[in-house]
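*Asks:* Structure incoming, see below.
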Amino acid sequence: MSRPAPLGVVVDLDDTLYPQADYLASAAAAVGVAAGHVGLDGAAVHAALRRELAAGSDTGGTIDRALLAVGVPASSLAGLVPPLVAAFTRHTPPRLSPYPGAEDALRALAAAAPLACLTDGNPAIQAAKVAATGLGPLLPVVVVTDTLGGRAVRKPHPAGLVAVAARLGLPPERLLVIGDRPGKDVAVAATAGARAIRVRQGEYATAPDEPRAWAVVDTFPAAAELALSVLGVPARA
Ligand SMILES: [Mg+2]
């Protein structure tokens, strides 16, 4: 079965362009400092939060669980959690190194086709991450799904991909999505009948291929090379 060639590329951010664990470590350290300011053992809170984040960064309530783990009574959470969540949310990582070769690969994609980033999360945090990677100039179009309707429209909800397609002026089915999470990046592509390349790296590197991606690779540069090989190039006069 042949499909028309993709005309634009959509890349995920976390664990696709840079290792999200680096951001989480940096944010957890900031929460540890803030915990010290409210009279808690900052180092213990930092360590507990890192354990919670390692167990699953996408589950919510990680700060609550970290405080309970260091012996904070449940009755004190309501007062202690908000300033620590604020410290997490406001944290601006100074520098997040992209995966090896990711910057050059992104530059090659940007030169070849319309390119956008589609990412889930707190919009301020996602913007701070893009800035810290230094990849912002290569990503003039960044759509954070949460700005379209909160957590309910995070991938694989189709709203983000539809918004990206509109920004790029392309039909959603002619986009090629590159991302690390089958259940988000591959699944959102499937909602539009678009192709997806799964990059097997980061927290979900060993997750099953469900749904199945058009291709599976081990690095972002490998994904970009594959994308470049299938992109529809406008006919030259
Ligand atoms: Mg990701």
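The values are calculated or read from the model by the stated rules, or taken from the named source; none is laboratory data. What you see is a predicted model; the values in this text were computed from it and never measured. Cβ coordinates were reconstructed from backbone atoms using ideal geometry, including for glycine residues, and neighbour counts include every protein chain displayed. Just the protein is used for accessible areas: all its heavy atoms, side chains included, with ligands, DNA and RNA removed. Shrake-Rupley method; radii C 1.70, N 1.55, O 1.52, S 1.80 Å.
*Asks:* Can you tell me which residue among 85, 45 is within 26 Å of residue 204 (Cα to Cα), outside the structural domain of residue 190 (by TED's automatic domain parsing) and either open to solvent by less than 20 Å² (accessible area, probe 1.4 Å) or in contact with a Phe, Trp or Tyr (Cβ under 9 Å, 6 or more places away or on another chain) (or both)?
*Replies:* Working: 85 fails: either open to solvent by less than 20 Å² (accessible area, probe 1.4 Å) or in contact with a Phe, Trp or Tyr (Cβ under 9 Å, 6 or more places away or on another chain) (or both).
Exactly one of 85, 45 is within 26 Å of residue 204 (Cα to Cα), outside the structural domain of residue 190 (by TED's automatic domain parsing) and either open to solvent by less than 20 Å² (accessible area, probe 1.4 Å) or in contact with a Phe, Trp or Tyr (Cβ under 9 Å, 6 or more places away or on another chain) (or both), namely 45.
Here's the yes/no breakdown for (1) of a type in the set (D, E, K, R); (2) at pLDDT 95 or above; (3) within 13 Å of the ligand (Cβ to nearest atom):
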{"position": "188", "(1), (2), (3)": "no, yes, yes"}
{"position": "198", "(1), (2), (3)": "yes, yes, yes"}
{"position": "207", "(1), (2), (3)": "no, yes, yes"}
{"position": "210", "(1), (2), (3)": "yes, yes, no"}
{"position": "222", "(1), (2), (3)": "no, yes, no"}
{"position": "225", "(1), (2), (3)": "yes, yes, no"}
{"position": "229", "(1), (2), (3)": "no, yes, no"}
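*Asks:* Inside the range 59-99, can you point out the residues that are out of contact with any helix residue (DSSP H, G or I) (no Cβ under 8 Å at 6 or more places or on another chain) and either in a loop (DSSP other than H, G, I, E, B) or over 20 Å from residue 34 (Cα atoms) (or both)?
*Replies:* Those that are out of contact with any helix residue (DSSP H, G or I) (no Cβ under 8 Å at 6 or more places or on another chain) and either in a loop (DSSP other than H, G, I, E, B) or over 20 Å from residue 34 (Cα atoms) (or both): 59, 60, 61, 71, 73.
*Asks:* Being part of a helix (DSSP H, G or I) and under 17 Å from the mean Cα position of the chain (by Cα) is the filter here; which residues of the range 43-58 pass it?
*Replies:* Scanning the range 43-58 gives 53, 54.
*Asks:* Separate question: When the residues of the range 148-168 are narrowed to those that are more than 16 Å from the ligand (Cβ to nearest atom) and in contact with a strand residue (DSSP E or B) (Cβ under 8 Å, 6 or more places away or on another chain), which ends up most open to solvent (accessible area, probe 1.4 Å)?
*Replies:* 167
*Asks:* Based on what the data block shows, is residue 80 among the hydrophobic types (A, V, I, L, M, F, W, C) and open to solvent by 70 Å² or more (accessible area, probe 1.4 Å)? Please lay out each step first, then the result.
*Replies:* Working: among the hydrophobic types (A, V, I, L, M, F, W, C): yes; open to solvent by 70 Å² or more (accessible area, probe 1.4 Å): no.
No.
*Asks:* Let me ask you something else. Somewhere in the range 12-34, is a residue without any contact (Cβ under 8 Å) to a residue 12 or more places away in the chain and either open to solvent by 30 Å² or more (accessible area, probe 1.4 Å) or assigned to a loop (DSSP other than H, G, I, E, B) (or both)? Full working, then the answer.
*Replies:* In the first step, residues of the range 12-34 are kept if they are without any contact (Cβ under 8 Å) to a residue 12 or more places away in the chain; the result is none.
The answer is no; no qualifying residue exists.
*Asks:* Do we have residue 98 as more than 16 Å from the ligand (Cβ to nearest atom) and surrounded by fewer than 22 Cβ atoms within 10 Å (Cβ to Cβ) here?
*Replies:* No.
*Asks:* Considering only residues of the range 169-185 that are in a helix (DSSP H, G or I) and within 11 Å of the ligand (Cβ to nearest atom), which is surrounded by the fewest Cβ atoms within 10 Å (Cβ to Cβ)?
*Replies:* For the range 169-185, the residue satisfying everything is 183.
*Asks:* Is it true that some residue in the range 186-196 is within 18 Å of residue 7 (Cβ to Cβ) and in contact with a Lys or Arg (Cβ under 6 Å, 6 or more places away or on another chain)?
*Replies:* Yes: the range 186-196 contains one or more residues that are within 18 Å of residue 7 (Cβ to Cβ) and in contact with a Lys or Arg (Cβ under 6 Å, 6 or more places away or on another chain).
*Asks:* I'm told residue 107 meets every condition in (1) of a type in the set (D, E, K, R); (2) away from the ligand (no atom under 16 Å from the Cβ); (3) open to solvent by less than 60 Å² (accessible area, probe 1.4 Å) except one. Can you identify the failing condition by its number?
*Replies:* For residue 107, the exception is condition (3).
*Asks:* Would you confirm whether any residue within the range 54-69 is surrounded by fewer than 18 Cβ atoms within 10 Å (Cβ to Cβ), more than 30 Å from residue 131 (Cα to Cα) and not assigned by TED's automatic domain parsing to the domain that holds residue 205?
*Replies:* Yes, because at least one residue in the range 54-69 is surrounded by fewer than 18 Cβ atoms within 10 Å (Cβ to Cβ), more than 30 Å from residue 131 (Cα to Cα) and not assigned by TED's automatic domain parsing to the domain that holds residue 205.
*Asks:* Here is a follow-up. What number goes with the only condition from (1) over 19 Å from residue 23 (Cα atoms); (2) within 16 Å of the ligand (Cβ to nearest atom) that residue 141 does not pass?
*Replies:* So the condition that residue 141 fails would be (2).
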